[in-house]
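Everything on this sheet refers to the single structure shown next.
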Amino acid sequence: MIRINENYTKLKASYLFSDIAKRVSAYQQANPGKPVIRLGIGDVTEPLPPVCVEALHAATAEMGRRETFKGYGPEQGYAFLREAIAQNDFQARGARIEPDEIFVSDGSKCDCGNIQEIFSNDLRLAIPDPVYPVYVDTNVMAGRTGANVDGRYEGITYLDCTPANGYVPQVPSVAADLIYLCFPNNPTGAVATRAQLAAWVEYAKKNKAVILYDAAYEAFIRNPEIPHSIYEIDGARDVAIEFRSFSKTAGFTGTRCAFTVIPKTLVAYDAAGRAQPLHPLWNRRHTTKFNGVSYPIQKAAAAIYTDEGKKQTKALTDFYLGNAALIRQAVSKLGFTCVGGENAPYIWINTGRDSWEFFDLLLNKAQVVCTPGAGFGKCGEGHVRISAFNSRENVVAALERIAQALK
Ligand code: PLP
């Protein structure tokens with residue numbers, strides 16, 4: 001008799017954004033004359049930078065000629081892209097990362113969801129709360145947790161991110177083997193200082209642990225003191241994997257390209273306690289289950305590292321940061337405290353009220369969609385996330401409506 005993976009039954013009934021979509025769609029059906037502005041899901045709205053479009057056209061033309069046509073490429077990504085990444089994203093910041101330590105993929109969601117496959121099933125997890133739900137759910141699916149009791153899975157050390165710690169989790173007093181960190185953070189928009197990251201690297205060394213560092217939003221960092229990569233911290237090469245994505249950097253959410261860095265010096269331990277490098281394990285996994293990102297998409301991604309590409313992507317992230325500044329200003333004026341929005345595209349508002357109630361209030365009275373903090377974890381209760389990903393016109397209109405609704 002065929003059996004299901006029972007771990008899936010431990011997952012909460014539905015994914016946060018489907019719950020939101022259902023409520024929004026019900027509202028729209030009941031109120032067809034009231035257009036809704038979405039500042040909920042973190043999807044970009046602005047078109048691809050022109051350098052990427054040009055690169056896509058040129059690469060597509062190459063695919064159409066016998067002499068330049070390409071079939072399967074290297075599963076890990078073409079050298080031109082891996083070299084541009086290593087040089088611009090890491091070496092230029094003093095981080096020792098080589099092109100062959102980079103694995104190009106079609107998205108960071110898959111990478112940070114799939115990475116847990118190369119680790120044992122009985123390890124101790126430390127995961128922030130609130131959190132991007134993928135880290136928790138993929139470990140639930142793999143059977144690394146117990147049941148969900150009162151909104152939290154048994155077997156996870158939750159790292160509380162609260163107003164008291166500025167939403168940056170401190171190292172716990174208990175040991176963990178696999179730690180998830182995300183900076184600039186989704187959902188809170190908080191960033192970690194060099195000293196805070198150094199404390200995590202030290203903790204990982206002491207506990208022979210691995211940090212999974214999600215830097216999907218690094219392109220929004222403007223404060224020069226804030227590290228863009230965990231590899232800017234001494235010793236991080238030996239304890240951390242980093243995830244990056246072109247989704248928010250260059251508007252690739254629909255185009256799909258990302259990468260994962262696994263330094264060759266990074267190890268985990270086998271049952272006999274012998275150190276085993278993780279690079280060959282992920283290489284084996286990646287080459288077995290993935291066949292590479294398409295050539296035109298990798299060409300488009302590489303275009304962001306040209307001088308013109310850097311200007312265009314900076315203008316794009318500056319634009320969203322301009323929205324974020326307006327949102328921060330407006331919510332502060334309404335008397336709320338918030339974090340994020342300065343080096344991140346998300347603003348995390350401390351509403352002091354039930355987060356789904358506040359979500360319904362904004363939807364019903366202002367026709368604005370936000371994301372209820374409780375959907376990201378227990379510590380998200382009392383907060384909502386507002387995303388800066390929208391047109392200026394929509395952001396301005398949404399803020400006016402919110403101000404009116406909360407008067
Ligand atoms: N990591 C975080 C923290 C995210 O917020 C997202 C997307 O919203 C991703 C990863 C996924 O990015 P991608 O589009 O590359 O799959």
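Quick note: the coordinates plus some simple rules give every number you see, no bench work behind them. Small disclaimer: the values here were computed from a predicted structure and weren't measured. Positions of Cβ are generated from backbone atoms using ideal geometry, with glycine treated the same way; all protein chains shown enter the neighbour counts.
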Report task. Would you work out which of PHE359, PRO74, ALA236 lies farthest towards the positive end of the dipole of the chain? Charges go on Cβ: Lys and Arg +1, Asp and Glu -1. Result -> PHE359
Report summary line: Quick calc, ARG65 & THR288: beta-carbon distance into FRET formula, R0 30 Å, rounding 0.05, result 0.40
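Residue separation times 0.36 nm, minus the C-alpha to C-alpha distance between TYR15 and GLU154: what's the value?
Additional length available on full extension: 48.1 nm.
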Query - Computed [θ] at 222 nm, deg cm²/dmol, the chain (DSSP H ≥ 4; -39,500 (n - 2.57); rounded to nearest 500) - result: -10000 deg cm²/dmol
Query raised in the report: GluC sites (Glu not before Pro) within the stretch 212-242: which are DSSP loop residues with at most 11 other Cβ atoms inside 10 Å?
Result: GLU225
Report summary line: Scoring the stretch 53-306 by relative contact order with C-alpha pairs under 8 Å, at least six apart, yields a percentage of 26
**Report entry** Given LYS12/LYS299; LYS264/LYS299; LYS12/LYS109; LYS333/LYS365; LYS206/LYS299; LYS314/LYS407, the pairs whose alpha carbons are separated by over 29 Å
**Finding:** LYS12/LYS299; LYS206/LYS299; LYS314/LYS407
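Below 8 Å between Cα atoms, with a sequence gap of 6+, how large is the relative contact order for the stretch 231-308 in percent?
Working: 71 pairs, mean separation 18.3, N = 78.
Once divided by the residue count of the stretch 231-308, the mean separation gives 24 percent.
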Query raised in the report: Can you give the relative contact order of the stretch 71-199 as a percent, counting alpha carbon pairs under 8 Å and 6+ residues apart?
Result: 20
Query raised in the report: Based on DSSP H assignment, which helices of the chain show an axial Cα extent of at least 18 Å together with a mean Kyte-Doolittle hydropathy greater than or equal to 0.0?
Result: 50-63, 392-405
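Does the stretch 359-407 classify as rounded, prolate or oblate by the C-alpha gyration tensor (a ≥ b ≥ c root eigenvalues; a/c under 1.5 gives rounded; else a/b over b/c gives prolate, otherwise oblate)?
On the way: a/c = 2.74, a/b = 1.53, b/c = 1.78.
Here the stretch 359-407 falls in the oblate category.
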